[in-house]
Amino acid sequence: MQSDPLNDAMCVIKNAANDGKGECTIQPSSKLIGRVLKVMQDSGYINQFEYVEDGKAGKFRVMLGGAINDCGVIKPRYSVKVTDVEKFEARFLPAQDFGLLILTTTAGVITQDRAKELGIGGKLLAYVY
């Protein structure tokens, strides 16, 4: 039994990137994992991903771009105001303007930079750099 599928997905991506693999498979799939993968793709951390139906929960096939040094989920899922985002950037990212935090907000799953532009807060989901 899996208690946190997003954590499992980020671990699979991190381990595949550390091993130098160009591709990994994430199962089971979920809408949240798909949205986090979309943010990572838009930011250039992964090349592409596709959903593969397997008759069960489905899975994602992810093509890695070799740009990931580290990634993981943030537990507990802190609620942050737009004014507090910089505090968490300093806590989870190694340097200023390096890497990104992924948040779930009322505007969807977005990066911390987009949240600052929109002036909205949310809950922290993951980090990647």
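Quick rundown of the values:
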| item | result |
| --- | --- |
| Whole-number accessible area per residue in Å² for the chain, which is evaluated in the context of all protein chains at 1.4 Å | 56 Å² |
| Per-selection metrics, the stretch 43-92 (Cα): Rg and Dmax in Å | 15.7, 44 |
| J(HN,Hα) series, the stretch 103-118, from Karplus relation 6.51 cos²θ - 1.76 cosθ + 1.60, nearest Hz, glycine and proline x | 10, 9, 10, 5, 8, x, 8, 9, 7, 5, 5, 5, 5, 5, 4, 7 |
| Sequence-distant residues sharing a close amide H with Gly58 (under 5 Å, placed H) | Ser29 |
| Lysine-lysine proximity count for the stretch 14-122, Cα under 16 Å, sequence distance 8 or more or distinct chains | 6 |
| Amide H partners (placed H, <5 Å) of Leu125, local residues excluded | Ile102, Leu103, Thr104 |
| With every protein chain in place, the chain: carbon and sulfur % of accessible area (1.4 Å) | 46 percent |
| Charge dipole of the chain about the Cα centre (unit charges at C-beta), most positive-ward option of Cys11, Gly44, Thr83 | Thr83 |
| Full-extension gain in nm, Lys75 to Asp97, via 0.36 nm per residue minus C-alpha separation | 5.7 nm |
| Arg114 accessible area, 1.4 Å probe, all protein chains in place, Å² to nearest 10 | 110 Å² |
| Asp54 accessible area, assembled protein chains, probe 1.4 Å, Å² | 60 Å² |
| The chain - convex hull of alpha carbons, volume per residue in Å³ | 105 Å³ |
| Principal axis dimensions, the stretch 1-60 - Cα atoms, whole angstrom, descending | 28, 21, 18 |
| Electrostatic dipole magnitude of the stretch 1-102 [Cβ: Lys, Arg +1; Asp, Glu -1; Cα centre; debye, to 20] | 280 debye |
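The values are calculated or read from the model by the stated rules, or taken from the named source; none is laboratory data. None of these values were measured; they are calculated from a predicted model. No Cβ is skipped: glycine too gets one built from the backbone with ideal geometry, and neighbour counts run over all protein chains shown. Only protein heavy atoms, including side chains, enter the accessible area calculation; ligands, DNA and RNA are left aside. Shrake-Rupley method; radii C 1.70, N 1.55, O 1.52, S 1.80 Å.
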